[in-house]
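The numbers here are math on the coordinates, done by the rules we state, and not lab data. Here the structure is a predicted model, which is why all the values come from computation and not from measurement. Here the Cβ is made from the backbone with ideal geometry for all residues, glycine too, and neighbour counts use every protein chain on show.
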Amino acid sequence: MIHIYGDSHAHYSFKNLNLPHTNLWKASITMYRIGRDNRIINFRNRNHVQSNDIIILAYGEIDCRCHIQRQIDMGRNEDEIINELVTNYMRTIKNNITETANIIIVGVIPPTIQADYEILNGPITHEYPFVGTDENRIRYTNKVNNLLETESTKNNYIYFNPYSYYTRPNGALKHELSDLSVHLGDNSHFLERFMALHETILMPPVNNQMYTMNLFGSRRVS
């Protein structure tokens, strides 16, 4: 069984997944909140999670779009914020998921260019939904994803980031593949890559080694 937890991106990215799963996403939940509260929203363990189930966690887009810049504007260091954010998030995962399961950490989706959003919604005259420049939000997303990959490797988690297909050369989300906001609209490639990863997880270990999925969705031995 596959158990999916995350913010609204867990819903949009995994919609129409044709595998047995439960999707217990909840809108507007930040990676910061997961780390601060030492709690995965809606998480059900013990009687609900069996050995070798798959647990997916997808958080962080809201943090990269809004809250990292807000903290910087308050005088904090960018790398300190990001390191603390990911460290606390990973600690919560380790503290809460004690079952023998395949844990998948989903990377953060590329950020939406503000001008793309304004085409449909008109000029933004208030702080939200974007805080910071497009270039800064792209940089925050890349830094968070790099650290998520590093920490996933350390903790024997699977890091899953199939977003290169959805990414412009400048690092932003391809608007034509979005929902015209900040989520995926056409998630078919995402699901294709996840199905490939799922098949890999089902394979028996080779020489007592586990397969993992790298940034581009290809398989490697670790």
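The fewest-to-most ranking of Val144, Val49 by surrounding Cβ atoms within 10 Å reads Val49, Val144. Calculated FRET efficiency, Asp53 to Arg91, Cβ-Cβ distance, R0 = 30 Å: about 0.90 to the nearest 0.05.
Rounded to the nearest Hz, the phi-derived 3J(HN,Hα) couplings of segment 3-13 under the Karplus curve 6.51 cos²θ - 1.76 cosθ + 1.60 (θ = phi - 60°) are 10, 10, 10, x, 8, 4, 5, 5, 6, 5, 6, where x marks glycine and proline.
How do Leu191, Leu57, Leu24 line up, fewest other C-beta atoms within 10 Å first? Intermediate values should be presented prior to the final figure.
Numbers: Leu191 19, Leu57 25, Leu24 16.
By the 10 Å Cβ count, ascending, the order reads Leu24, Leu191, Leu57.
Quotient of the Cα radius of gyration of the chain and 2.2 N^0.38 Å, N being its number of residues: 0.99. Only the Cβ atoms of Lys and Arg (+1) and of Asp and Glu (-1) were treated as charged; on that basis the dipole of the chain about its Cα centre amounts to roughly 620 debye. Scan around Ile29 for amide H atoms under 5 Å from its own, H built in the peptide plane at 1.01 Å from N, and keep only partners 5 or more places away or cross-chain. Sorted by chain and number, the residues that satisfy this are Ser8. Around the amide H of Tyr159, modelled in the peptide plane, lie the amide H atoms of Ile105, Met213, all under 5 Å away and 5 or more residues distant in sequence or on another chain.
Can you tell me how segment 1-126 classifies by the Cα gyration tensor, rounded, prolate or oblate, using a/c under 1.5 as the rounded cut? Cα axes put segment 1-126 in the oblate bin. Charges were assigned to the Cβ only: +1 to each Lys and Arg, -1 to each Asp and Glu. The resulting dipole of segment 1-121 about its Cα centre is roughly 540 debye.
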